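Enquirer: Sharing a structure below in structure tokens format, with a few things to ask.
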């Protein structure tokens, strides 16, 4: 057979894409001018955009700095007179003539000498007032610049009277003084009272002190600020105690407050309210001024928070960046405009320099090359310079050497990067090992709180335990405790899994131990309520974004009465008697839920064939089978029925095999725990 060679058909020639007609007829010089103009416009547009962004950032930073300094300065302005008044009151309390008077206030000489000295101190106090209460008599002496002077008692204090509780609290307190705040709702003003102990060795002789009105500072701080700057005072709970709008002030220390009387109520975004709460807590913890940015009363403002330790209050400065930084903004805009002009001039100078230094020599060089192409080899290039154009040939010869040098440099950098990656990999491996060791250690700790020893001693070969953590540690916890007439067993399914779930089981274990001390061990409902109270006591009320709930069930088996009592919080009890499975449902709310659960005790009679089981939702929700579905309650009850024919030591293995056959290759979704017991002493296989 002959083969004919067919040459490949030539591909049709693609038309060369040409530039637009206008640019095609332009020379290099015209193109450079056009590109320079476009570059200038683009650069100015970018500079304007960057300027706007930088202006906003600069205004915010300036406002933050101003708010921080303003809050710190006003904190010192308030704390300075408070420290002065407290120092004067403590000096008067430490005077020997004060102790002499309180030892024997009926002595005329002691009374005369003391009140003469006290009157001299009154002239030094800002409020020009003082009070004295000897512990022996409980008489209240008071003088100021409004009432006529008197060395007689104004009235007597009583230990059981609520209005006089401040005296006995100060007298028997561990601190040498107390600073009390009186926010008067009737007079709508705030007063500070300095209560200082008068002691003779370890004996409390009485209390002496003075008062200080906060109104002058409040008027200056709240109403004396510059435009765009606001000031207010908050108590420890974030309630407004001083504000430009008196309708927003919460006068009085008791009673509910509205959202308008809390600074958080004036913030629009939840994130800003959370940032405010964090700033208040942080400022109280370390004493530093904290700042945040939020939309306050409809405007974006900077908020600075400073803590007043003697008052346990906060002074807050609010700054509107648009108003405070307006003058600085005009200066910055002028600077940006100057930079834009300089940039434009620089581009023009660059264009002129490029034309003189490069374009003209290239034009002459092009003409010479064209003459050479026409056959005039005697033409000499009319460029006699030692710059880049004149050194073009030398550059070509140097190209090879440059490429070789760059190749070696690149190889060195690759080796260096490879070494760095190797070091990083070893560091990461070591870190992974440490984390794995820590998790394994946490697993050992969790194993230590499980009641395996007590369970094995009380119910040998009479219990089932299927405990499969999704990770190394589990968020499920089984409970067991012998009681006087039987035993108590239960199961807790904590929110989360892994390390977080394991930490929750530690809390659940502690709550169970506490409940055993507070409630009868044969009252599962009371024990669950006690555990719920313990869980709620360990979490703040505003942790709504983090799930801290626990499904729990407890069952007490009483051999004396031949009955079992069960109560559950979002967990059920499965009762298998060999013929059928009955379910005792628990309360629909879990421990630590938004609303407290209301578990109810449910009693059932014991029988030799009865088996009691509890399970976490990890087994019920595990997906498997064909089609892919959850294991479910019906399948679990069927598995329990089939276990009734097996001895207890084989039931756990059989239940695990049933779960594995259903789960197959599907990943485990959650921690799995099943806890079952034979309540009667005799077991029926």
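The values are calculated or read from the model by the stated rules, or taken from the named source; none is laboratory data. Just so it is clear, the model here is predicted, and its values are computed rather than measured. Backbone-built Cβ (ideal geometry, glycine too); neighbour counts: all protein chains shown.
Enquirer: Kindly establish whether residue 105 is touching a strand residue (DSSP E or B) at 6+ places or on another chain (Cβ under 8 Å), outside any helix (DSSP H, G or I) and surrounded by 15 or more Cβ atoms within 10 Å (Cβ to Cβ).
Expert: Values: touching a strand residue (DSSP E or B) at 6+ places or on another chain (Cβ under 8 Å): yes; outside any helix (DSSP H, G or I): yes; surrounded by 15 or more Cβ atoms within 10 Å (Cβ to Cβ): yes.
Answer is yes for this residue.
Enquirer: Please find, among 654, 667, 598, the residue that is assigned to a loop (DSSP other than H, G, I, E, B), touching a helix residue (DSSP H, G or I) at 6+ places or on another chain (Cβ under 9 Å) and in the same structural domain as residue 557 (by TED's automatic domain parsing). If you could, list the steps in order and put the result at the bottom.
Expert: On the way: 654 fails: assigned to a loop (DSSP other than H, G, I, E, B); 667 fails: touching a helix residue (DSSP H, G or I) at 6+ places or on another chain (Cβ under 9 Å).
Exactly one residue qualifies, and that residue is 598.
Enquirer: Condition (residue is within 24 Å of residue 512 (Cα to Cα), modelled with pLDDT of 95 or more and exposed (fewer than 15 other Cβ atoms within 10 Å of the Cβ)) applied to the stretch 601-616: is it met by at least one residue?
Expert: Yes, the conditions are met somewhere in the stretch 601-616.
Enquirer: Related question: Read through the list (1) in a helix (DSSP H, G or I); (2) farther than 30 Å from residue 237 by Cα; (3) free of Cβ contacts under 8 Å to residues at least 60 places away in the same chain, then give the number of the only condition that residue 496 fails.
Expert: Among (1) in a helix (DSSP H, G or I); (2) farther than 30 Å from residue 237 by Cα; (3) free of Cβ contacts under 8 Å to residues at least 60 places away in the same chain, the lone unmet condition for residue 496 is (1).
Here is a yes/no grid of residues against (1) assigned to a loop (DSSP other than H, G, I, E, B); (2) farther than 23 Å from residue 77 by Cβ:
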position: 118; (1), (2): no, yes
position: 126; (1), (2): yes, no
position: 131; (1), (2): no, yes
position: 143; (1), (2): no, yes
position: 148; (1), (2): yes, yes
position: 170; (1), (2): no, yes
position: 209; (1), (2): no, no
position: 217; (1), (2): no, no
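Enquirer: Moving on to the next point. Checking residue 508 against (1) closer than 29 Å to residue 537 by Cα; (2) surrounded by fewer than 18 Cβ atoms within 10 Å (Cβ to Cβ), which test does it fail?
Expert: The single condition residue 508 does not satisfy is (2).
Enquirer: Filter the helices (runs of 4 or more DSSP H) completely within the stretch 298-399 down to those with at least 1 residues that are within 31 Å of the chain's Cα centre (by Cα) and either more than 30 Å from residue 227 (Cα to Cα) or modelled with pLDDT of 70 or more (or both). It would help to see each step written out before you state the result.
Expert: Working: elements: 321-324, 326-354, 360-373.
Ranges flagged: 321-324.
Enquirer: Further question: Would you tally the residues in the stretch 574-592 being more than 37 Å from the chain's Cα centre (by Cα) and either assigned to a loop (DSSP other than H, G, I, E, B) or outside the structural domain of residue 673 (by TED's automatic domain parsing) (or both)? First the steps, then the outcome.
Expert: Applying the first criterion (more than 37 Å from the chain's Cα centre (by Cα)) to the stretch 574-592 yields 574-585.
With either assigned to a loop (DSSP other than H, G, I, E, B) or outside the structural domain of residue 673 (by TED's automatic domain parsing) (or both) added as a condition, the list becomes 577-580, 585.
Count: 5.
Enquirer: State the number of residues belonging to the stretch 423-453 that are modelled with pLDDT under 90 and in contact with a strand residue (DSSP E or B) (Cβ under 7 Å, 6 or more places away or on another chain).
Expert: 0
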